[in-house]
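See below for the structure under consideration.
The values are calculated or read from the model by the stated rules, or taken from the named source; none is laboratory data. Only a predicted model underlies this, so the values are computations on that prediction, with no experimental measurement involved. Methodologically, a virtual Cβ is constructed for each residue, glycine included, from the backbone with ideal geometry; neighbour enumeration extends over all protein chains shown. The protein model used for the area step is the full one, side chains on, heavy atoms only, and it has no ligands, DNA or RNA in it. Shrake-Rupley method; radii C 1.70, N 1.55, O 1.52, S 1.80 Å.
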Amino acid sequence: MTLDILDDRRDQIRRIGEGEFSIACNRESLAGAVSQRACVFCGSRVVLYPIADALHLVHGPIGCAAYTWDIRGALSSGPELHRLSFSTDLKERDIIFGGEKKLEAALRELIARHKPAGAFVYSTCIVGLIGDDLRAVCRRVAADTGIPVIPVQSEGFKGNKRAGYEAACAALDELVGTGDTEGISPVSVNILGDFNLAGEIWVVREYFERLGVQVVANVTGDGRIADIRRAHGAGLNVVQCSGATMDLAQRMKKRFGTPVIKVSYFGVEDMAEALYSVARHFEPVAPGITQRAAALVREEVSGLMPRLAEYRRDLEGKRAAIFVGGTFKAFSLVKAFRHLGMKVVMAGSQTGTEEDYAELAAICDPGTIIVDDANPLELSQIIKEKDVDILVGGVKERPIAFKLGVGFCDHNHERKECLEGFVGMENFAREVHATVMSPVWRFTPRRSLREDTSCRP
């Protein structure tokens, strides 16, 4: 089956095994393609929003704040100011005469009312066009209130979601290095790129604590302004979502010399390797930590693998498609599905780089379709061609799967089930099994797709 795709999108979709692998990526979404990507402003919000004791004020029309409100289901162990969405609600008059006075009044009122530890002010498209000076307003308010007030230069028209990540990291970089590092152990880490969607950062922190590793700052799930300000005192930055927070890690490496490693907490191998990588880094100053990591992994895996074997008996040979925001999740999901005896026939992301996709292609089987920045039409065709049993994605992909009679697993911002760590792997296997083996699929349009051999690979 030949995919019906736009000509200018052809170099962003590749099948492994059809010549030397190369793929175009990190480009602006094609007009008319109904891309799954979001704007710069949205990218900055999803990174910064989980900082729970900060005020998040969107300077722009009300629609921008409504679009991104509660966009990540980030949980907090304390304050929940981040669950409120504030906007200056710019109107026609503000656009003509400028919105700086309205912004300053809103900031002062909200800070007086909510007593935040800090504030982020997000610039939207219209603010970039009319030229409001966010930095000047933030500087005045910060001087008067005594808290950090950080402008986020996130005008949506400047690029795509990845540019929003960079804007968020630039804002965080203004906080890092402004706090006291007293009491921080040499054996300490910052957790970057985890957003605590279902309390998962607490699972990861507990693993590190069992190794004797102090966690200084969560960046940004269950995050706190004070912790981020002293994050430069940590001995290591551990980055999971490299697309979202690697820029901050590189800035900290340049400014403070903080070393950095990339990890993933999804799946058995990647969670274990994350712990081993941290342990190997600290072994010279904390002898025996590698042995503690091995004991922890052995304890967790010995109870997990028999339960995975039970699910595998039913799932062996089933087919999965993956389309997620960051490629780090795709890597881990390919390995996780192999533990369940399932074959990944499509893998893609919204924000992958050439290096990411080359690594993804290296661990996938021949014939697997790799796609960058997919749109609904492409996803629908691939699901049909590959006779997929389950699609793993986010909220925008769910209707595509259900309309085609295919199971769906939410692996994005809106999920409520912990999928990280060893406990997360069991939760994932249970959800995949329940979804794929549900009897409901006997009564869906997909039955006719199975009988249509022209849709088979």
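In segment 307-457, the ratio of gyration radius to Kirkwood radius, Rg to Rh, stands at 0.93 when only Cα atoms are counted. Helix-only arithmetic for the chain: the sum of -39500 (n - 2.57) across DSSP H runs with n ≥ 4, divided by the residue total, places the mean residue ellipticity at 222 nm at -13500 deg cm²/dmol. Distance between the modelled labels on Ile95 and Gln250, one decimal in nanometres: 3.6 nm (7 Å Cα→Cβ projection). Accessible surface computed residue by residue for the chain, with neighbouring protein chains in place and a 1.4 Å probe, gives 40 Å² per residue.
The tail of the calculated P(r) for segment 172-262 beyond 21 Å holds 20 percent of all Cα-Cα pairs.
Under the convention that each Lys and Arg Cβ holds +1 and each Asp and Glu Cβ holds -1, the size of the dipole of segment 1-132 around its Cα centre is about 340 debye. By accessible area, using a 1.4 Å probe on protein heavy atoms only, the chain has 53% of its surface on carbon and sulfur. Selection among Ala226, Leu296, Leu81 by position relative to the dipole of the chain gives Leu81 as farthest towards the positive end (Cβ unit charges, Cα centre). Between helix 200-211 and the chain there is an angle of about 90 degrees, using the helix long axis and the longest principal axis of the Cα atoms.
What length, rounded to one decimal in nm, is gained on full extension from Arg135 through to Arg10, with 0.36 nm per residue of separation minus their alpha-carbon distance?
That pair, Arg135 and Arg10, stretches by 40.8 nm at full extension.
Each of Ser22 and Ile62 was given a label point 7 Å from its Cα along the Cα-to-Cβ line. The distance between the two points is 5.1 nm.
Relative contact order, whole percent, for the chain stands at 18, derived from Cα pairs under 8 Å and 6 or more residues apart.
The equivalent ellipsoid of segment 215-312 has semi-axes of 28, 17, 12 Å, largest first, where each one is the square root of 5 times an eigenvalue of the Cα gyration tensor. Using the empirical formula 2.2 N^0.38 Å as the baseline, the Cα radius of gyration of segment 109-215 reaches a ratio of 1.33. Fraction of C-alpha pairs exceeding 22 angstrom in segment 323-400: 15 percent, rounded to a whole number.
Overall, segment 99-139 carries a charge dipole of about 200 debye about its Cα centre when +1 sits on the Cβ of Lys and Arg and -1 on the Cβ of Asp and Glu, all other atoms neutral. Cross-link pairs exceeding 22 Å in C-alpha to C-alpha distance, out of Lys158/Lys262; Lys115/Lys158; Lys329/Lys416, comprise Lys158/Lys262; Lys115/Lys158. For segment 135-187, the equivalent ellipsoid derived from the Cα gyration tensor has semi-axes of 26, 20, 5 Å, listed largest first. Taking the inverse of the mean 1/r over every pair of distinct Cα atoms in segment 283-348 gives a Kirkwood hydrodynamic radius of 14.0 Å.
The residue list Ile13, Ala65, Cys42 was ranked by how far each Cα lies along the charge dipole of segment 8-73 toward its positive end, using unit charges on Cβ atoms, and Ile13 comes out on top. Size descriptors for segment 381-445, from the alpha-carbon set: Rg then Dmax equal 12.2, 36 Å.
Sorted largest first, the principal axis extents computed over the alpha-carbon atoms of segment 1-146 equal 62, 43, 23 Å. Quick check: the angle from helix 134-145's long axis to the longest principal axis of the chain, C-alpha only, nearest 10 degrees? Orientation of helix 134-145: about 60 degrees from the principal axis. Using only side-chain charges placed at the Cβ, +1 for Lys and Arg and -1 for Asp and Glu, the dipole size of the chain relative to its Cα centre rounds to 440 debye.
As a quick test, which of the pairs Lys101/Lys161; Lys318/Lys386; Lys161/Lys343 have an alpha carbon distance above 19 angstrom in this structure?
Flagged as over cut-off: Lys101/Lys161; Lys161/Lys343.
Each of Ala31 and Thr444 was given a label point 7 Å from its Cα along the Cα-to-Cβ line. The distance between the two points is 3.6 nm.
Once Rg and the Kirkwood radius are both taken over the C-alpha atoms of segment 79-161, their ratio Rg/Rh works out to 0.96. Taken over the alpha carbons of the chain as equal point scatterers, the Debye sum produces base-10 log I(q)/I(0) values at 0.07, 0.08, 0.09, 0.12 Å⁻¹ of -0.37, -0.49, -0.62, -1.06.
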